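The values are calculated or read from the model by the stated rules, or taken from the named source; none is laboratory data. Here the structure is a predicted model, which means the values were calculated and not measured. Here Cβ is always computed from backbone atoms with ideal geometry, including for glycine, and neighbour counts include all displayed protein chains. Surface accessibility is based on the protein's heavy atoms, side chains included, excluding ligands, DNA and RNA. Shrake-Rupley method; radii C 1.70, N 1.55, O 1.52, S 1.80 Å.
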Amino acid sequence: MSSDDKKDKIRILIVDDVDTNRFLLRDIIQELGYQPVLAENGVQALKVVERIHPQIIILDIAMPEMDGYEVCKALKENAETRDIPIIFISAFDDPSDIVQGFTLGGEDYITKPFIPEIVKARVGLHLKLSDASQHLQKINRQLQTSVSEQLRQLEMEKKNVLYALTRVAREDSCFNKEHMERLCYDCRIMAEAMQLSSKYGDQISDSYIDTIEMAAPLCDLGNVAIPTQILQKKDELSEEEKKTLRTHTVVGARILQDVLDAEDYNDFIKMAVDIAHYHHENWDGTGYPTGIVGEEIPLSAQIVSIISAYCDLTAERMNKSNYDVQEVLEIMRQDSGVKFNPGIFDILCKIHRQLK
């Protein structure tokens, strides 16, 4: 696009209730090669701005019905128009009038009678400043996009590392990939169902549902620190072995907390910490590692706990007896109010056909 074509697209709004002033300014703007747009009063000017969004506004102060200060205030309060440069024009040259114009957000002030060379210089200056500002904003947006993408990549790399550690823990525990995918899916379905309930709807947002789907597989991250012979033992564990196994909640939470402490607040990691630490807590306080009771247990950990139990009981594993779904629900019913939140268990019974 040539420079002349660019000039033709630049529109300068001239607002003055005096015909002579409007036409004089119109001629000056046309000499510069820009497109003048005229308005006779403030009300008309605001309507014009909505329609054409000019590059600069030359605005008279002393006008009937709505003066220039009021027009400027309205424009600067609107996010869509606040960045349009405003050059005040007035026969008043009292410093207080000039200061008031700048206070309201005006960029410049020209006194009457007009000297064409001054008008041209001021308009040219503010067009250059406006172009520079827009260019800087564009660079900032590009920089923000680049930084956001880099942060996203870093977050993804962290997740990949955590998921890799989880895969190791999963394999040591004889859980296959499908089991963990099922856990993610079923936690999402459960959270979606709870979102529709009167009791939990205000606690579960769409973002919460997405987050718990990602965070659920990190529940047993701490198993990376548990000896394989304990994780894969088919006979009953000794008390010492049980004690060792239970440390996986603390270890997993510590690993995730270290990640959380190294960055700004992150919903995904924060929820993963809660899940890893508390998913073996029981509703009646008999769980581990802290023995907290009822609603003291983070909701995300409650969801993962009950879904993990459901997945475990319905999984086809060599060292587990196979139950049909109704048998599983009856087994879990005995733990409703003991291991599991009764309200969440009731929802599980209603939506179990939607689970994998």
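A few notes on this one:
- The stretch 225-269 - convex hull of alpha carbons, volume per residue in Å³: 80 Å³
- Only helical runs count toward this figure. For the chain, summing -39,500 (n - 2.57) over DSSP H runs of n ≥ 4 and dividing by all residues gives -18500 deg cm²/dmol at 222 nm.
- Across the alpha-carbon atoms of the stretch 207-356, the computed radius of gyration and Dmax are 15.7, 45 angstrom.
- Remark: for residue pairs LYS199/LYS356; LYS9/LYS128; LYS177/LYS356; LYS47/LYS76, the C-alpha separation exceeds 18 Å in LYS199/LYS356.
- Per residue accessible area in Å² of the chain, where ligands, DNA and RNA are left out and the probe is 1.4 Å: 54 Å²
- Under the combined filter of DSSP loop state and at most 11 neighbouring Cβ atoms within 10 Å, the stretch 63-105 retains these GluC sites (Glu not before Pro): GLU65, GLU77, GLU80.
- Within the stretch 182-279, the trypsin sites (Lys or Arg not before Pro) that combine a DSSP coil assignment with at most 13 other C-beta atoms in a 10 angstrom radius are LYS199, LYS234.
- For PHE340, the residues 5 or more places off, or on other chains, whose built amide H falls under 5 Å of its own are TRP283.
- With θ taken as phi - 60° and the Karplus curve 6.51 cos²θ - 1.76 cosθ + 1.60 applied, the whole-hertz 3J(HN,Hα) list for the stretch 210-221 is 4, 5, 5, 5, 6, 7, 3, x, 8, 4, 10, 3 Hz, x standing for glycine and proline.
- Whole-number percent relative contact order across the stretch 80-128, with pairs defined as alpha carbons under 8 Å at least 6 apart: 40 percent
- Rolling a 1.4 Å probe over the protein heavy atoms of the stretch 182-339, with every protein chain left in place, gives an accessible area that is 47 percent carbon and sulfur.
- Each Cα pair under 8 Å and six or more residues apart adds its separation to the average, and for the chain the resulting relative contact order is 10 percent.
- In the distance distribution for the stretch 189-276, Cα-Cα pairs more than 18 Å apart total 55 percent.
- Equivalent ellipsoid dimensions for the chain as semi-axes, Å, which come from the Cα gyration tensor, largest first: 71, 21, 17
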